[in-house]
Amino acid sequence: MSLRSFKVASDQGNLYANAKISFFIYNGIVVEKDEPLAMRIMIADILENRGNRYIEQLNAHNLYAHLMINDFSAEIVDYYKTMNVWNYVADAGKWFQSNQNSGNLEMYKRENFA
């Protein structure tokens, strides 16, 4: 039901809903898990909404978490660079590192990628 609501909101232009849908797809919540598709949606959101800091950060944080889970695979880093979103992901990484001591990083990983 929530996925359907997010799809309706996304169709009406709600940018947060797009990010939520990619989160569902990435984690296999209610739908079949498809990490590459979720990454493409997040990257498209960043590129289509340059200047919307909230959407940029939301998607970049998810992409950075994907990097952490995959131990910073060189292939994924190169893909982000090719897609011109590496600067967003790198900024998200700096934020994570600055907040790591407070436990925000581990909490984020538990909540979003358990």
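Do you know which of the residues in segment 47-93 that are on the phi > 0 side of the Ramachandran plot and free of Cβ contacts under 8 Å to residues at least 24 places away in the same chain is surrounded by the most Cβ atoms within 10 Å (Cβ to Cβ)?
Going through segment 47-93, the residues on the phi > 0 side of the Ramachandran plot turn out to be 51, 71-72, 84.
Applying the additional criterion that residues be free of Cβ contacts under 8 Å to residues at least 24 places away in the same chain yields 51, 71-72.
On the way: Gly51: 6, Asp71: 8, Phe72: 11.
Looking at residues that are on the phi > 0 side of the Ramachandran plot and free of Cβ contacts under 8 Å to residues at least 24 places away in the same chain, I get Phe72.
Can you tell me which residue within segment 9-23, out of those that are surrounded by 16 or more Cβ atoms within 10 Å (Cβ to Cβ) and modelled with pLDDT of 85 or more, is nearest to Glu35 (Cα to Cα)?
Only one residue fits best here, namely Ser22.
Here is a yes/no grid of residues against (1) modelled with pLDDT of 75 or more; (2) closer than 22 Å to Arg53 by Cα; (3) touching a Ser or Thr at 6+ places or on another chain (Cβ under 9 Å):
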position: His66; (1), (2), (3): yes, yes, no
position: Met83; (1), (2), (3): yes, yes, no
position: Val89; (1), (2), (3): yes, yes, no
position: Asn99; (1), (2), (3): no, yes, no
position: Ser102; (1), (2), (3): no, no, no
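The values are calculated or read from the model by the stated rules, or taken from the named source; none is laboratory data. These figures come from a predicted structure and were not determined experimentally. Heads up, the Cβs are rebuilt from the backbone with ideal geometry, glycines too, and the neighbour counts pull from every protein chain shown.
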